[in-house]
Amino acid sequence: MVRIVVLLALAINAGCSSLPVTQTKDLQISPMKETTMSYTTNISIKNITLQAREEKTPPDGVPNKQNRDIGFASVFLRLENAKEEDVSLTVQRVEIRNTVDGNVQLSDSSPQQIRLRPLENSEVVFHLTNKTGYSKHNQVKAVITYTIGDHLQVIESTPVEVERS
């Protein structure tokens, strides 16, 4: 079962730091990447960050259940609305793919509409899980397909190593 949690955080300016993430251990985080839309929506994607982990054994104190989630990914999408009016975009699909052969490891294809208020900075977080974990390949990337108006766009994160425990 894939769960999506969307957290919106208002920021004073685009230079503010990312929201804190609890219990990250030694997760690899993809570096900042800035992409700006070329048409006139004035929405820019400031960065996309991926954290990926696989937990073959349950955390201390948690009983080992047969059908529990073992593959986890958190995708952080940092957005900025430079207009002085509301704008929206729809995330059509979020996928975690391994970088060797492009196979999808985790995915969610439930459309998620995101509305940004005038001059708003926001960070949207997608949490994905699966019961099979990741393939033997260690590097994965997030691939987000979204629409703004009639324009379909795809953005990818920088590849990261899967933390395995």
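Considering the conditions (1) touching a strand residue (DSSP E or B) at 6+ places or on another chain (Cβ under 6 Å); (2) modelled with pLDDT under 95; (3) open to solvent by 30 Å² or more (accessible area, probe 1.4 Å), Glu80 is excluded by exactly one of them, (2). Could you pull out the residue among Gly102, Gly133 that is under 20 Å from Arg164 (Cβ atoms) and of a type outside the set (Val, Ile, Thr)? So the residue among Gly102, Gly133 that is under 20 Å from Arg164 (Cβ atoms) and of a type outside the set (Val, Ile, Thr) is Gly133. The set of residues in segment 93-116 that are open to solvent by 60 Å² or more (accessible area, probe 1.4 Å) and touching a residue at least 40 places away in the same chain (Cβ under 8 Å) comprises Arg93, Arg97, Ser110. Residues being closer than 30 Å to Asn67 by Cβ, among the basic types (Lys, Arg) and either open to solvent by 40 Å² or more (accessible area, probe 1.4 Å) or without any contact (Cβ under 8 Å) to a residue 60 or more places away in the chain (or both) are entirely absent from segment 117-125. Taking (1) on the phi < 0 side of the Ramachandran plot; (2) surrounded by fewer than 18 Cβ atoms within 10 Å (Cβ to Cβ); (3) out of contact with any Asp or Glu (no Cβ under 8 Å at 6 or more places or on another chain) in turn, Val87 satisfies each apart from (2). Number of residues in segment 147-164 that are of a type outside the set (Asp, Glu), assigned to a strand (DSSP E or B) and within 12 Å of the chain's Cα centre (by Cα): the value is 1.
Test Phe72 against the criterion of being aromatic (Phe, Trp, Tyr), open to solvent by less than 30 Å² (accessible area, probe 1.4 Å) and closer than 13 Å to Gln51 by Cα, and give yes or no. Considered against the rule, which asks whether it is aromatic (Phe, Trp, Tyr), open to solvent by less than 30 Å² (accessible area, probe 1.4 Å) and closer than 13 Å to Gln51 by Cα, Phe72 comes out as no. Is it the case, given these coordinates, that Ser74 is over 24 Å from Asp150 (Cα atoms) and hydroxyl-bearing (Ser, Thr, Tyr)? Spelling it out, Ser74 is indeed over 24 Å from Asp150 (Cα atoms) and hydroxyl-bearing (Ser, Thr, Tyr).
The values are calculated or read from the model by the stated rules, or taken from the named source; none is laboratory data. The model shown is predicted, which means the values in this text are computed figures rather than measured ones. Cβ atoms come from the backbone with ideal geometry, glycine included; neighbour counts cover every protein chain shown. All accessible areas refer to the heavy atoms of the entire protein, side chains included, with ligands and DNA or RNA removed. Shrake-Rupley method; radii C 1.70, N 1.55, O 1.52, S 1.80 Å.
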